[in-house]
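One structure is given below, encoded as structure tokens.
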Amino acid sequence: MGLFSHGHLFAFHLSNRIGIAKARLLIHIEYCTTTSQQSETFKHDDDETVREISTVLRNHSDWHFVLNSSDLPRKLNPHVVRAVLQQNHQMFEQANAVLDRMVKTRKPVFEVLDSVVSCFRDGECGGSDKIVFEFLIRAFKVAWRLNEAADVFLGLRKVGLLPRLVCCNSLLNDLLKCNRMELFWKVYDGMLEANMKPDFYTYYNVIHAHCRAGNAGQGKRFLLEMEEKGGNPDLSTYNVVIGGLCRAGDVDEALAVKKSLVEKGLVPDRYTYSALVDGLCRTKRPEETKLILKYMYDKGLSPDSTCYTALIDGLMKEGYLEEALRIKDETIARGFKLCDATCNAIFAGMCKVGRMEKAEVLLNEMNVMGTRPNAQTYKFLIDGYCREQNMVKACELLNEMKKRNFAPGVFTYGAIINGLSRCGDMEGANQLLKEMIARGLKPGAVIYTTVIRGHVQEGKFEEAIKVLKGMTKKGVMPDAFCYNSLIIGLCKARKMDEARIYFVEMVDRGLKPNAYTYGAFIHGYCKEGQMQLANTYFQEMLGCGIAPNDVIYTALIDGHCKDGNLTEAYSTFRCMLGRGVLPDIKTYSVIIHGLSKNGKIQEAMGIFSELLGKDLVPDVFTYSSLISGFCKQGNVDKAFQLLEQMCRRGVDPNIVTYNALINGLCKSGDTDRARELFDGISRKGLSPNAVTYATMMDGYSKSGKLTEAFQLLDEMLLRGIPTDSFIYCILIDGCCKAGDMERAVSLFQDIVGKGIAATSPFNALIDGFCKLGRMVEANRLLEDMVDKHVTPNHVTYTILIVSLCKEGLMRESHQLFLEMQKRNLTPNILTYTSLLHGYNSTGSRYKMFALFDEMVTRGLKPDEVTYRMMVDAYCKEGDLVKCLKLVDETLVNGAISNSAVVDALTSTLFRREEFSEIMKSLDEMVEHGFVLSLATCSTLVRGFHKLGNAEKAARIFESMLRFGWVSHSTSLDDLIHDDQSEVSSGIC
């Protein structure tokens, strides 16, 4: 809308001021001169140059060619140009050509401006006035030197010489067209500072600038200001504001502006409605969009392809696929040919939601209509097929795209590489990666991450590491996602040491590990059972200010539960709640499973109630864990109550649920009911698995129903369910218990022949021979295990050691005990107790005491049987001090009950006439600074009182008072009549 947009104004001006127009042309000449010479008087050479130029201008119609082919342009300077202007001020065409020539010499703008200003003020340009400056600005604009054009305006403002408003508006318009917004606002601010009053065209430019910058609110404010000042905005001005508001998402404001323009008597055009359609689609208001379209039809305004494209794109983004296709058909029916943008909008939507069959139909329609797919079309289609993992079709389209000379971009290559990687075709992914690099495209960290992740998923860690190192060599720095992909994969593969190497490298590169990085290590170490290391990473994560999410907390809780550390698991769960991290059903299920598995079924039910109180819906894993927990405790009725509850809640039991119930019924001896449940599984739409059969067979075997157990074995084989060593172990154990060793051996030889021999069947057969006293066969089986590379476990050795100890063969037992430790097998409490009992029976109590100390040092907690045996042994050896210390330890730790200790001591110590020895031992303990607990004191007093030795009980009580072991406020009756719970509370 600037100077040359208003031809009538400019023509009128020229018709009245021809001299001024000629002056404009002359200014072009002066602009191109050099100002290297500053002399005020003309030299002889300059005079000669002026005459030559003037002669050419007057006498040659092709003066432009003559000047260009001479050396005159090199002789130009400000003095020469000024003289030419004075002598030839009426030769406008020639002067304009010289000026254009001078512009091309690119002399500094301020030198030119100074020369023109000087000429203007000296009055040497004849009748020139300020319009010469407008012409100077125009010259720069014609040469696309907008910076210099703006500099001329700003320079003139500083010296108090301003061009007319029409020139300024023209400059603003050109700056706006070229998106030179910084210069635009400089010029506009200069106009305001010079107190130039904006007109219609000024407002239009400023409104347009604000809307283009995304500041439609300001654009609307200027529109209102324009109205208030009587500017009478036209439809195009309103359309600019409406378009800006719609792009900014403020459609309601845009509709209000549209209403305002109608009230002012203006009629909305196609652009107005198209802008509103686009805005409504952007703000996901398809119904209103259709109303606008209907209104357009009613008004006789046919929507153009842009309008239809906006509507179709909006409908596709909202998921209205069928409606979008209906609009597409309507567009064609109205005689519009689908443009590329419309087709691509449909392709983008269909490919995003996986409707590739409809995309194929549209592609065929395009070909029929003569609309060829473009690069964008191929991009959408390839991405869609990659999402569906139809990599054959995606690669076909890529080849077709290249044949049609469309260059695939980084996104297209990235989509296919990602798809191939997800499908495990790493060879194809690597080939495409090389191809895109060869085509001059630079893959980013995202594409490299995809390839790394693909190799990791295939377990090819060396290849993944090679890609990681290779991207660095190609100038692409790995980001946290690259390292996380590798670290997560290594941790899942239990390669924790390697993962740690890349964790350190990641930190050394200045990359910050995030929750996914730490989560990978925490998950990995939890799976490994290394909870101390898992907790170390957890604490490091907290120290870095990274908030753990529910997945990380769940992994820790699960790890602690599997480690048997329920206290820490529960503590972590409460810590999670304290930090405001809301547990989901998986978290609750994990802790419920851990508690149930470790026999804490009541605590598990407490968590279950908490879960229900938070309106979370238990899943089949939650219910199965509780059902299994109750079954293990023998509470089958409660387990079936939970089964009914889960069915009422719409949670379908799975095979794990039924396996737990069958196991519970079998353990309770109710194999008939278990079989009934077993037979009903198929009616539930489920199929019994190997665990189901094994559980039922185990129940039959332990109930002596071997016939039924073997029938189930035949059924398994008939159904094609694979049998493993565990199944045979159950049957071998059943045969051994039934005394049918011949059948047990036959089964054992069968599995050896099948190559599925494992430790458990060996153990079952060894146990069978041991119980029959056939130690030769049992030992031969141990040798066979080693020969067949089947590793004996601690159960194998314990079975043999127990049997040898019962036979009194302590030397052989000890040899096996040493052998198992050489194999890094840790003896359990049963192993130690068997050996202790054997040594006790053979009178080798010194070995017994050494073995007991070793057991305690190893961290094994003696049970009640072991403690009673040791108390008896110390008493028999006359080592009353150690006996009393052991008693004190057991009572303080709560290892066995007070009454059990009294019974043990009564059978040995209290019945013997060694009261003086007891008193002597107590004195010895005092001398060594040992203090008996109140529980032990009570046990001693009650023991003698129980045997009717009231006098001895009183004497020992007096000693305890004297030693300070018992408070003076405590009476003899208190110790005699207090029960264990009261005594224990006295300890605290």
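The values are calculated or read from the model by the stated rules, or taken from the named source; none is laboratory data. Note that the structure is a prediction, hence the values are computed from the model and not measured. Using ideal geometry, Cβ is built from the backbone for each residue, glycine included, and neighbour counts are taken over all protein chains shown.
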>> Regarding segment 643-662, can at least one residue be identified that is buried (at least 23 other Cβ atoms within 10 Å of the Cβ) and free of Cβ contacts under 8 Å to residues at least 24 places away in the same chain?
In response: no
> Going by the structure shown, is THR331 touching an Asp or Glu at 6+ places or on another chain (Cβ under 9 Å) and in contact (Cβ under 8 Å) with a residue 12 or more places away in the chain?
Replying inline: no
> of a type in the set (D, E, K, R) and more than 30 Å from GLU715 (Cβ to Cβ), is that true of ASP787?
Replying inline: yes
> If you scan segment 682-712, which residues turn out to be touching a Ser or Thr at 6+ places or on another chain (Cβ under 7 Å) and either among the hydrophobic types (A, V, I, L, M, F, W, C) or part of a helix (DSSP H, G or I) (or both)?
Replying inline: GLY699, TYR700, ALA709
>> Please go through segment 417-466 and give me each residue that is of a type in the set (Gly, Ala, Ser) and under 22 Å from ALA520 (Cβ atoms), ordered by number.
In response: SER421, GLY424, ALA445, GLY454, GLY459, ALA464
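Conditions tested, residue by residue: (1) in a helix (DSSP H, G or I); (2) among the hydroxyl-bearing types (Ser, Thr, Tyr); (3) at pLDDT below 85; (4) in contact with a helix residue (DSSP H, G or I) (Cβ under 9 Å, 6 or more places away or on another chain).
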site: VAL790; (1), (2), (3), (4): no, no, no, yes
site: LEU800; (1), (2), (3), (4): yes, no, no, yes
site: HIS814; (1), (2), (3), (4): yes, no, no, yes
site: PHE817; (1), (2), (3), (4): yes, no, no, yes
site: TYR832; (1), (2), (3), (4): yes, yes, no, yes
site: LEU836; (1), (2), (3), (4): yes, no, no, yes
site: LEU860; (1), (2), (3), (4): no, no, yes, yes
site: TYR867; (1), (2), (3), (4): yes, yes, yes, yes
> Based on what the data block shows, is GLY454 touching a Cys at 6+ places or on another chain (Cβ under 7 Å), buried (at least 21 other Cβ atoms within 10 Å of the Cβ) and touching a residue at least 12 places away in the same chain (Cβ under 8 Å)?
Replying inline: no
>> Residue under question is GLY753, and the condition is that it be touching a residue at least 24 places away in the same chain (Cβ under 8 Å), exposed (fewer than 15 other Cβ atoms within 10 Å of the Cβ) and either within 25 Å of GLU807 (Cβ to Cβ) or not aromatic (Phe, Trp, Tyr) (or both); does it hold?
In response: no
> Checking GLU982 against (1) at pLDDT below 75; (2) crowded, with 21+ Cβ neighbours inside 10 Å, which single condition isn't satisfied?
Replying inline: (2)
> Among (1) outside any loop (DSSP other than H, G, I, E, B); (2) of a type outside the set (Gly, Ala, Ser); (3) surrounded by 14 or more Cβ atoms within 10 Å (Cβ to Cβ), which single condition is LEU718 missing?
Replying inline: (3)
> Can you tell me which residues in segment 934-969 are part of a loop (DSSP other than H, G, I, E, B) and under 19 Å from CYS875 (Cβ atoms)?
Replying inline: LEU947, ASN949
> Does segment 608-615 include one or more residues that are assigned to a helix (DSSP H, G or I), under 16 Å from ARG649 (Cα atoms) and in contact with a Leu (Cβ under 8 Å, 6 or more places away or on another chain)?
Replying inline: yes
> How many of the residues in segment 287-307 are outside any loop (DSSP other than H, G, I, E, B), modelled with pLDDT of 75 or more and not aliphatic (A, V, I, L, M)?
Replying inline: 9
> Among the residues of segment 308-320 satisfying the criterion of being of a type in the set (Gly, Ala, Ser) and in contact with a Gly (Cβ under 9 Å, 6 or more places away or on another chain), which is modelled with the highest pLDDT?
Replying inline: ALA310
> Among VAL251, VAL267, which is the only one that is of a type in the set (Val, Ile, Thr) and under 49 Å from the mean Cα position of the chain (by Cα)?
Replying inline: VAL251
>> Just the residues that are surrounded by 22 or more Cβ atoms within 10 Å (Cβ to Cβ) and in a helix (DSSP H, G or I), please, taken from segment 583-600.
In response: THR587, TYR588, SER589, VAL590, ILE591, ILE592, HIS593, GLY594, LEU595, SER596
> What helices (runs of 4 or more DSSP H), lying completely within segment 144-239, carry at least 2 residues that are at pLDDT 85 or above, aromatic (Phe, Trp, Tyr) and farther than 28 Å from GLU111 by Cα?
Replying inline: 200-212
> Within segment 858-865, can one find any residue that is surrounded by fewer than 21 Cβ atoms within 10 Å (Cβ to Cβ) and either closer than 22 Å to GLU924 by Cα or polar (S, T, N, Q) (or both)?
Replying inline: no
> Among all residue pairs at least 6 apart or on different chains, which show Cβ distances below 8 Å where the first residue, located in segment 492-510, is of a type in the set (Ser, Thr, Tyr) and the second is outside any helix (DSSP H, G or I) and loosely packed, with under 15 Cβ neighbours inside 10 Å?
Replying inline: none
